[in-house]
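All of the numbers you see were taken from the coordinates with simple rules; none came from a lab. Not measured: the values here are computed from a predicted model. Neighbour counts run over all protein chains shown; Cβ positions are idealised from the backbone, glycine included.
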Amino acid sequence: MIKIALTGAMGLVGSRLVELLNQEVEFVPLSQTMMDITNKDQVFNVLKNTSFDIFLHLAAYTNVDGAEKEKELAHKINVIGTKNVFEVVQQLKKKFIYISTDYIFDGNHPPYFEDSQPNPISVYGQTKFGGEKVVGKDGMIVRISYPYRALFEPKKDFFRTFKSYLEKEQTLKLVKDSQMTPTFIDDIAYGLKHLINNYSPEIFHVVGSDNLSPYECAKLVAKVFGLNPFLCQPTTYDEYFKDKAKRPLFAVMKSKKNNFFPMLTFEQGLLEIKKNQH
C-alpha cells in the first residue's frame with residue numbers, strides 16, 4: 001500500500017481525502033504540533049524518521065483577506081514552509097505533491113489551463129504562486145478551485161455558507177458579474193488518487209466541470225435544497241470586494257490533462273450531497 005505523509009490532514013480538503021481514501025492509501029498525518037513547517041530543522045528531524053513514498057503538502061495560510069494584513073506570516077507559511085518541506089523531501093529522494101489554487105491567476109484572461117501564465121493579484125495568491133515556484137518542475141502541482149463538501153464542522157466552505165444563510169431565511173448579497181469554478185471535494189479526492197498512483201512531476205488542474213457566478217451558485221443551492229431563491233440578491237464584484245483583497249474576476253479553471261476522473265458540475269455535486277443526506 002502506498003504511504004502518503006501529509007500536512008493539512010485536519011483541514012477542509014485533507015480530512016475528506018483521508019476519509020475517502022484510507023482503505024487504499026496509508027496516510028501519515030503530520031499535524032502542526034508534530035511538525036512546524038516553518039522550522040526547517042524540525043521538518044528534517046520529523047521526516048527523516050517517517051516512512052513515506054509521497055509527501056502531500058496541503059497545509060497553507062488560506063485567509064485571503066487576512067493575508068493582506070499578515071503578509072509576513074502568509075509568506076512564512078506558504079513560501080518558506082513549502083520550501084522547508086520540499087527541500088527535505090528532495091533530500092530524502094521522495095515524491096512531492098503541492099496543492100495550489102486558482103488565486104495564482106489574475107482572472108482577467110480566462111479560461112485558465114495548466115499552462116496558462118500565473119499573475120496573482122492578492123498576497124494570498126502571490127504566496128501560493130511562490131510555493132509553486134519553489135516546487136517548479138521537481139514535484140507535482142495540483143491546482144484546485146472553490147472546494148466544497150457535505151459536512152465539515154470546523155470550517156464552512158462557500159456552499160455551506162450560502163445554505164446556512166438560506167436556511168435561516170437571511171438575504172445573501174452575491175456577485176453576479178464574476179465567475180468561479182466550484183469543485184466537489186470528493187472528486188478532488190478521487191482525482192488525486194489517480195495522480196498518486198500515476199505520479200508525474202507536472203501541473204494538473206483538478207476542478208469542477210462548470211463555471212458559475214456566486215449568484216448563480218446560490219440560486220442552485222436554493223433550487224436543489226428547496227430554499228427560497230429570492231433571498232439571493234445580485235451585486236457587483238466592485239461593490240462586494242470594495243474593502244477586501246482582490247479575487248480573480250473570472251476564475252474559470254479548465255484542464256487539458258484530466259482525462260482520468262470525470263468531475264461533476266456544481267448542480268451534480270449538490271445533488272450528490274443531497275442524495276447522501278437521507
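The table below gives the values:
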| item | result |
| --- | --- |
| Part-to-part distance (alpha-carbon centres) for segment 19-51 and segment 66-141, which is given in Å | 19 |
| Greater than 24 Å apart at Cα, pairs in Lys168/Lys274; Lys173/Lys223; Lys176/Lys256; Lys40/Lys156 | Lys176/Lys256; Lys40/Lys156 |
| 5 angstrom amide H check on Leu174, placed H, neighbours 5+ away | Gln233, Thr235 |
| Sequence of Arg149, Arg160, Arg143 once ranked by neighbouring C-beta atoms within 10 Å, starting from the fewest | Arg160, Arg149, Arg143 |
| Cα long-axis angle, helix 266-276 against the chain (0 to 90 degrees, to the nearest 10) | 80 |
| Helix 185-197 vs. the chain, principal-axis angle (Cα, 0 to 90°, nearest 10) | 30 |
| Cα gyration tensor shape for segment 179-265, rounded if a/c is under 1.5, else prolate or oblate | oblate |
| Farthest toward positive dipole pole in the chain [+1 Lys/Arg, -1 Asp/Glu at C-beta], among Leu151, Ile4, Ala74 | Ile4 |
| Neighbour cut-off at most 16 other Cβ (10 Å), DSSP loop, GluC sites (Glu not before Pro), segment 47-109 | Glu70 |
| 3J(HN,Hα) from dihedral phi, segment 206-216, Karplus parametrisation 6.51/-1.76/1.60, rounded to Hz, x for glycine, proline | 10, 9, x, 9, 9, 10, 9, 7, x, 4, 5 |
| Residue-averaged [θ]222 nm for the chain, counting only DSSP H segments that reach four residues, each worth -39500 (n - 2.57) | -10500 deg cm²/dmol |
| Acute angle (nearest 10 degrees) that the helix 158-167 long axis makes with the longest principal axis of the chain, alpha-carbon atoms | 40 |
| Extension reserve of the Glu26-Asp53 stretch, reckoned as 0.36 nm per residue once the Cα distance is removed | 8.7 nm |
| Exposure proxy order (Cβ contacts within 10 Å, fewest to most) of Met180, Met1 | Met1, Met180 |
